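Notes follow the structure.
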Amino acid sequence: MQSFPVTLVAGAPGVGKTTWIYQQASLAQSAAYLNLGAENFPIDATYLSTECPQLTAIAVDELSEFLQRSDQSIPLFIELGFHIDPASLELPIAPETCRKILLVQSPQFSQSTDVESRSESQSQLLTSSTKSSELLHQDQQNDEWTGWTCISPVASPEDFLDNLPTKAYESSRLSIDLTPETTLQIRRSYLQGKVLDGNSLETFWHELTHGAYGELQRAKGIFELVDGRALLLNYRAGYAAVEPLELSLPRWLDGPPDRFSGLEVVGTQLDQPRIVQTLTDCCLEDAAIAYYQAQIRASQAASPEVSQSVSQGATVS
Amino acid sequence: MKIAVMSCIHGNYEALNAVLSDIDAQNADKIYCLGDLVGYGPHPNAVVEMIRSLDIPTCQGCWDEDIVEGLNACECSYPSVLAEKRGRLAHEWTNQVIHPETRSFLANLPFSLREDNLCFVHGSPHNQHEYLMPGMDAFVAMERVMAAGADILFCGHTHIPYVRTLDSGQLHIKVQMAQPNGQSQIVTDRAVTTPLKRIVNAGSVGEPRHGRPNATYVMYDTNCDRITLREVEYNYQKTCADIIEKGLPAIFAWRLARGLEFAERADDPTHICER
Ligand SMILES: [Zn+2]
Ligand SMILES: [Zn+2]
């Protein structure tokens with residue numbers, strides 16, 4: 001880490017960029033994180049900073065100050081959204097001082113492979129697996145990843161054992177996305193202050209991930225439930241379903257939650273108006289939220305063990 | 001005698017037609033219908049007209065009742081907020097398009113029907129809205145059949161066909177009482193002898209919930225006392241296209257094509273709203 005204080009992490013949607021950063025940051029005493037392309041939609045930053053306490057998420061406009069202030073002992077991970085062109089990056093850091101990691105999703109990459117010394121067949125595979133999603137710069141495909149170290153998350157022994165692909169991607173499938181008609185879309189639904197009914201969310205998530213609102217490649221979202229929990233839901237086409245993760249945040253039991261939540265989907269022919277409508281239909285009204293929260297607070301007051309683990313619990317004598 | 005029993009057509013005319021043809025091919029002597037003629041599907045008037053013209057004995061389903069009485073069920077009738085909103089949309093649409101004669105036909109449907117030792121209801125002998133789930137407590141299940149005073153209780157409403165045999169024999173009833181130390185003590189242990197009874201759920205013609213789009217119904221042969229669950233393919237794409245064309249939510253068509261019921265059962269199936 002010492003020699004590479006800044007690590008750029010790129011890869012196709014769903015390849016495991018955030019998870020890889022989570023694993024690296026967990027090994028460090030402290031770490032910083034910046035997601036380029038997330039704008040004001042910090043799903044990954046929320047996940048990383050709650051699940052990896054030694055990690056601090058920073059915003060784009062805080063980067064220069066962070067680099068000046070930092071004594072270079074804190075590793076900084078910069079995640080590049082799949083829609084960000086690495087060639088267009090303008091960072092206040094000399095590129096040669098950065099470690100550049102390109103995550104690729106392929107069982108053939110059984111070990112870390114330097115892109116510059118890759119074989120011809122690997123080169124093609126790499127091109128198809130990354131180009132498919134790097135839609136903004138198809139004409140520069142042979143040069144843009146020069147200097148990047150290619151890593152397959154699947155290869156690392158302790159990595160992703162729970163998330164192994166259910167089927168390997170074929171390059172033919174990946175290259176489908178190169179046609180203009182199937183340009184990948186990103187659609188974001190901001191849900192801050194909204195509380196969802198759990199059963200409704202389950203129905204919606206099933207529909208969403210089974211193609212009811214368009215052809216999905218990726219979906220991830222943070223959702224607030226009425227019992228105060230914030231859930232992270234994750235979907236990647238071709239991978240086994242992942243259990244919802246309860247984020248290590250205090251339970252919110254005092255009105256509409258004043259913290260980030262939202263849904264991001266990546267895919268084709270996405271019907272965003274119907275996604276928004278259905279999400280709206282999953283939300284509880286303020287009166288219902290107040291009613292359930294009051295019930296939960298009352299039951300916490302009656303049982304000390306529960307309220308201890310809850311930040312907003314009523315005081316117990 | 002061969003008796004065909006069907007339920008939960010939900011305005012799906014294509015499915016009804018296919019099931020009636022299959023019943024014909026099976027040489028049924030009589031047909032019973034357990035209600036939910038309307039709701040969700042695009043052809044409520046045509047379905048009611050067909051049932052009426054064929055003079056099929058029909059009991060009133062939960063949707064039929066709601067169309068007549070108005071939707072005044074509490075939100076606990078629905079498994080989720082989303083299901084409730086979709087259910088309301090379907091109800092309001094149906095309420096707008098049905099003809100006066102359709103409404104009066106639904107209003108005059110009986111709550112239950114009898115034929116010898118057979119009883120026909122939509123939900124349970126207590127209420128159109130009560131779900132008799134296949135795995136419900138044996139004692140509760142037996143109580144429902146006894147309440148009907150029948151040997152075989154035919155029901156629908158869950159949209160999942162099943163046959164449940166409640167063996168003749170002894171039902172043990174244990175009543176436990178909590179003590180101040182938190183332990184429980186059995187205060188009564190009674191045994192009740194009951195005859196063999198059956199609950200037969202006819203599934204759903206127009207809104208199946210078994211993971212395939214096919215319609216289901218049951219055939220009961222009184223001579224050999226045999227119950228057969230029938231699954232019938234039909235042109236569900238036609239119904240899906242009509243759902244979209246009529247302006248009903250597109251998700252209804254998406255779920256129908258996958259054999260996913262639009263609104264799943266409530267968390268507490270035996271819960272009945274205070275109306
Ligand atoms: Zn029904
Ligand atoms: Zn019903």
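To keep it simple, each residue is scored yes or no on (1) buried (at least 21 other Cβ atoms within 10 Å of the Cβ); (2) farther than 19 Å from A:L284 by Cα.
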site	(1), (2)
A:I222	yes, no
A:D227	no, no
A:A241	no, yes
A:L249	no, yes
A:P257	yes, no
A:L263	yes, no
A:V266	yes, yes
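Would you please name the residue that is surrounded by the fewest Cβ atoms within 10 Å (Cβ to Cβ), looking only at residues in the stretch B:150-174 that are modelled with pLDDT of 90 or more and more than 16 Å from ligand 2 (Cβ to nearest atom)?
Here the residue is B:T165.
Restricting to the stretch B:216-258, give me the number of residues that are open to solvent by 20 Å² or more (accessible area, probe 1.4 Å), over 30 Å from B:D151 (Cβ atoms) and part of a loop (DSSP other than H, G, I, E, B).
The total comes to 8.
Across the stretch A:1-44, what is the number of residues that are without any contact (Cβ under 8 Å) to a residue 60 or more places away in the chain, of a type in the set (S, T, N, Q) and in contact with a strand residue (DSSP E or B) (Cβ under 8 Å, 6 or more places away or on another chain)?
So the answer is 3.
Those residues that are away from every other protein chain (no Cβ under 11 Å) and not in a loop (DSSP other than H, G, I, E, B), I need them from the stretch B:88-98; list them, please.
Residues of the stretch B:88-98 that are away from every other protein chain (no Cβ under 11 Å), as a first pass: B:90-98.
Those that are away from every other protein chain (no Cβ under 11 Å) and not in a loop (DSSP other than H, G, I, E, B): B:A90, B:H91, B:E92, B:W93, B:T94, B:N95, B:Q96, B:V97.
When B:F120 is evaluated against the numbered criteria (1) in contact with a Gly (Cβ under 8 Å, 6 or more places away or on another chain); (2) within 16 Å of ligand 1 (Cβ to nearest atom), which criterion, by number, is the only one it fails?
(1)
Report yes if B:A147 is away from ligand 1 (no atom under 16 Å from the Cβ), of a type in the set (G, A, S), at pLDDT 95 or above and open to solvent by 30 Å² or more (accessible area, probe 1.4 Å), otherwise no. Step through it out loud before you land on a result.
On the way: away from ligand 1 (no atom under 16 Å from the Cβ): yes; of a type in the set (G, A, S): yes; at pLDDT 95 or above: no; open to solvent by 30 Å² or more (accessible area, probe 1.4 Å): yes.
No.
Return the total of residues in the stretch B:5-57 being open to solvent by 10 Å² or more (accessible area, probe 1.4 Å) and in a helix (DSSP H, G or I).
Counting residues in the stretch B:5-57 that are open to solvent by 10 Å² or more (accessible area, probe 1.4 Å) and in a helix (DSSP H, G or I) gives 15.
Enumerate the helices (runs of 4 or more DSSP H) found wholly within the stretch A:17-118, keeping only those where 3 or more residues are loosely packed, with under 15 Cβ neighbours inside 10 Å and at pLDDT below 90. I'd like the intermediate steps shown before the answer.
Details: elements: A:17-27, A:43-51, A:63-69.
Here the list reads A:63-69.
Being over 23 Å from A:C52 (Cα atoms) and away from chain B (no Cβ under 14 Å) is the filter here; which residues of the stretch A:192-215 pass it? Full working, then the answer.
Going residue by residue through the stretch A:192-215, those that are over 23 Å from A:C52 (Cα atoms) are A:193-215.
Across the stretch A:192-215, the qualifying residue is only A:G193.
Restricting the first residue to the stretch B:237-258 and requiring it to be among the charged types (D, E, K, R), which pairs with a second residue that is in a helix (DSSP H, G or I) meet a Cβ separation below 6 Å and a spacing of at least six or different chains?
Pairs found: B:K238/B:E14.
Hey, can you tell me all the residues within the stretch B:14-57 that are among the basic types (K, R) and more than 18 Å from B:T102 (Cβ to Cβ)?
Listed by number, the list holds a single entry, B:K30.
Kindly provide the set of residues from the stretch B:13-60 that are more than 26 Å from B:I243 (Cα to Cα) and in contact with a strand residue (DSSP E or B) (Cβ under 8 Å, 6 or more places away or on another chain), ordered by number. Working first, answer last.
Filtering the stretch B:13-60 for residues more than 26 Å from B:I243 (Cα to Cα) gives B:24-32, B:55, B:57.
Those that are more than 26 Å from B:I243 (Cα to Cα) and in contact with a strand residue (DSSP E or B) (Cβ under 8 Å, 6 or more places away or on another chain): B:Q26, B:N27, B:A28, B:D29, B:K30, B:I31, B:Y32, B:P57.
Assess whether B:L82 counts as being more than 16 Å from ligand 2 (Cβ to nearest atom), touching a Ser or Thr at 6+ places or on another chain (Cβ under 6 Å) and in a helix (DSSP H, G or I).
Answer is yes for this residue.
Could you check A:L233 against (1) under 13 Å from the mean Cα position of the chain (by Cα); (2) within 14 Å of chain B (Cβ to nearest Cβ) and say which number it fails?
Every condition holds for A:L233 apart from (2).
Looking at B:G35, B:G87, which is the one that is within 13 Å of ligand 2 (Cβ to nearest atom) and at pLDDT 95 or above? Don't jump to the end; show me each part of the working.
Numbers: B:G87 fails: at pLDDT 95 or above.
Sole residue among the options that is within 13 Å of ligand 2 (Cβ to nearest atom) and at pLDDT 95 or above: B:G35.
Determine whether the stretch B:70-83 contains at least one residue that is more than 16 Å from ligand 1 (Cβ to nearest atom), modelled with pLDDT under 95 and more than 14 Å from chain A (Cβ to nearest Cβ).
Within the stretch B:70-83 (the criterion being more than 16 Å from ligand 1 (Cβ to nearest atom), modelled with pLDDT under 95 and more than 14 Å from chain A (Cβ to nearest Cβ)), the answer is yes, since at least one residue qualifies.
The values are calculated or read from the model by the stated rules, or taken from the named source; none is laboratory data. Please read these numbers as outputs of a predicted model, since none were measured by experiment. Positions of Cβ are backbone-derived with ideal geometry, glycine not excepted, and every protein chain shown enters the neighbour counts. Protein only, heavy atoms only, side chains kept; ligands, DNA and RNA dropped before computing areas. Shrake-Rupley method; radii C 1.70, N 1.55, O 1.52, S 1.80 Å.
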